[in-house]
Amino acid sequence: MSRKFFVGGNWKCNGTTEEVKKIVTTLNEAEVPSEDDVEVVVSPPFVFLPVVKNLLRSDFQIAAQNCWVRKGGAFTGEVSAEMLVNLGIPWVILGHSERRLLLNESSEFIGDKVAYALSMGLKVIACVGETLEQRESGSTMAVVAAQTNAIAERISHWSNVVIAYEPVWAIGTGKVATPAQAQEVHFELRKWLQDNSGAEVAASTQIIYGGSVNGANCKELAAQPDVDGFLVGGASLKPEFIDIIKSATVKKN
Ligand SMILES: O=C(CO)COP(=O)(O)O
């Protein structure tokens, strides 16, 4: 089964209205492979979702960066999955390491969020990844498997989930995983899916890589058989995001 290349741009907590409009203009004017060959999803901060939704080209999609774990209500400061659905936002990023580590979100809490978002009809970019300490102690795969398992235990199917493998030591550090390092974890993760969720899930689930991806290193990473695309942070705010989208063509050669 062939998996469509997927490029996500996580804008994190960046931008003004003017800057956001400028990024969208750059994206709208870009020539990129067709949506048959690449799925592009950009993720602005909540407050900019409506403006991006109004301006963004229709072949690109939008993700929120988080949502509340259950139905909305008396949860000050939170944004519910129902609100995203109401705005016509199809995707949400959940389990980003910045939320796991800075806001103490546990794997169980993230699993609950993924399950609730899916039940509301959202598609989910679910992030997993180890810290440098965990990698150096040899527990990378155990960590990634446990994070993935907390999601698997709570959902009934993977069809609306993209898994983003984002090693914490590579995020915002300029220290990108080597193509071999990325491939190794993506391969193991796919094997984990095969053993725990079945061959079809393993074959069809997109596993994308995130952590210091840029216009210069994307092609070599994209060439790895189990790397199905990227979740891009810093470079998604710059014109080189277009080059990263274009790395989808590597899969066709
Ligand atoms: O966290 C990331 C995407 O979600 C990656 O961030 P950088 O591309 O800035 O390293």
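Just so it is clear, none of the values below were taken in a lab; they were calculated from the coordinates. Everything numeric in this text was worked out from a predicted model, so none of it was measured. Positions of Cβ are generated from backbone atoms using ideal geometry, with glycine treated the same way; all protein chains shown enter the neighbour counts.
Observations, loosely collected:
- Whole-Å distance, taken between Cα centres, linking segment 1-70 and segment 165-199: 23 Å
- Entries of 22/246; 22/71; 113/252 with Cα pairs more than 23 Å apart: 22/71; 113/252
- Projecting the Cα atoms of 168, 106, 23 onto the charge dipole of segment 5-252, computed from C-beta unit charges around the Cα centre, puts 23 farthest toward the positive end.
- Taking every full run of DSSP H in the chain, the ones that stretch at least 15 Å from end to end by Cα along their long axis and average -1.0 or higher on the Kyte-Doolittle scale are 17-29, 107-119, 140-152.
- Value of [θ]222 nm, deg cm²/dmol, for the chain, DSSP H segments ≥ 4, -39500 (n - 2.57) each, nearest 500: -11000 deg cm²/dmol
- Percent breakdown of C-alpha pair distances by 5 Å bin, ordered from the shortest bin, for the chain: 1, 6, 15, 19, 21, 18, 12, 6, 2, 0, 0
- Cα-based equivalent ellipsoid of segment 121-253: semi-axis lengths in Å, sorted from largest, via gyration tensor: 23, 18, 14
- Cα-centred dipole magnitude for the chain, charges only on beta-carbon of K, R (+1) and D, E (-1), debye, nearest 20: 320 debye
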